[in-house]
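Heads up: the structure comes next, in structure tokens.
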Amino acid sequence: MPVYLLATFDTKGPEAAFVRDRLFELGVEVELVDVSCGGRGGDRGQAVSAAAAEAAIRVRDAFAAGNVQGVLAIGGSAGTTIGTAAMRALPIGVPKLMVSTLASGQVRPWVGDKDILMLNSVVDIAGINRISRLVLSEAAAAMAGMVKFAASSNPKSEIPNLHSDHPLIAATMFGVTTPCVQHARKILEAAGYEVVVFHATGNGGQAMESLIREGMFAGVLDITTTELADELVGGILSAGPTRLTAAAETGIPQVVSVGALDMVNFGPRETVPEKFAGRKFYVHNASVTLMRTTPEENQKLGEEICRKLAGARGATAICLPLLGVSAIDRAGQPFDDPVARVALYNAIRSGRPEDVELAELDCHINDAAFAEAAANKLLAMIGAKAHAESRS
């Protein structure tokens, strides 16, 4: 099977040929794909979008036919948009490498929720010189290594599924909810499940929602819904408006909690928008500043959770830790705010759909008792679903 090498040949032809030759030397079969959009006419932005859509379809169809073992692309902004669109059309586990002039900046728009390796081109991809030669050779070697030393020659066989010996459970975690999730994970693993933990940093929640829709999980332990706060208030770790919707729509059993809804995430302190002056902050480190959510915001977050869980097709439960929702939201800690917690909980109590179970525990989210209750509740719901399916 070949590696698909994507480039805009009208501007990156010699560079693509150089990478192709290096891959051939390393024993890798190559399929060159010209994704040029300069000759399409009209609006350039629309041309790039059209080329990206076409590339995604071509690569996805080729993979479905068993004709792709990896994708490598080179380019600037247009090439990166087109190349990564094709990569995002492939499942996790298929080697994906983007050599880009944009790779040293914020790459989330291109990486999304997939395992795309971004390699900084250092110099513009415009000619073969002593620097670009090194970087492009490095890219070819990296791709050759990924495809040659893959666990299987057929990437499809490496994609996990619910029919394996150890069904998968998705869980969400933040640094301030780690004790809870780690304790719950041990319980779930002891019951025979493999737990996939997603870091609730925006792209983590986004990836989980995507994989839930792909049918990878038997259940979801959504302890850390903090990304909802960033989406509501304007923090930097939002997972988008569809966060907390996939399990409800697909009927996967889920236990939902309110982990780290006490905080909104920003970068260094000086990057916090001026409109938030006067709010309560906690400098987590030089790169991360946390802002305490207000009672009004907590009420809206509670309402949002209920709205998104309404009409869930599968068993759903909400677990509330009455003594605090994060490591810094408890008695004596910087974000301890009983009024905000009550606003959150009251909104959930009053707005909870009738078919969503509510469990209120007189403990902190990181107490072992809370983790045990949440994990055991999820196990019971998964077991009930399996029993019902076996009888149907």
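The values are calculated or read from the model by the stated rules, or taken from the named source; none is laboratory data. Predicted, not measured: the structure shown is a model, and the values here were computed from it. Because the Cβ atoms are built from the backbone with ideal geometry, glycine has one as well, and the counts that use them run over all protein chains shown. Protein only, heavy atoms only, side chains kept; ligands, DNA and RNA dropped before computing areas. Shrake-Rupley method; radii C 1.70, N 1.55, O 1.52, S 1.80 Å.
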| request: Scan region 185-192 and give yes if some residue there is part of a loop (DSSP other than H, G, I, E, B) and either open to solvent by less than 40 Å² (accessible area, probe 1.4 Å) or touching a helix residue (DSSP H, G or I) at 6+ places or on another chain (Cβ under 6 Å) (or both), otherwise no. | output: yes
| task | Give region 109-138 a look and list any residue that's of a type in the set (Asp, Glu) and either in contact with a Gly (Cβ under 6 Å, 6 or more places away or on another chain) or crowded, with 19+ Cβ neighbours inside 10 Å (or both), or say none. | result | Asp113
| query | For Val99, which of the numbered conditions (1) open to solvent by 30 Å² or more (accessible area, probe 1.4 Å); (2) closer than 20 Å to Thr8 by Cβ fails to hold? | reply | (1)
| remark: Sole miss for Gly75 among (1) farther than 19 Å from Met143 by Cα; (2) crowded, with 24+ Cβ neighbours inside 10 Å is condition (1)
| request: Those residues that are farther than 25 Å from Glu360 by Cβ and among the acidic types (Asp, Glu), I need them from region 248-269; list them, please. | output: Glu249
| field | Test result for Val255, among the β-branched types (Val, Ile, Thr), crowded, with 24+ Cβ neighbours inside 10 Å and outside any loop (DSSP other than H, G, I, E, B) | value | yes
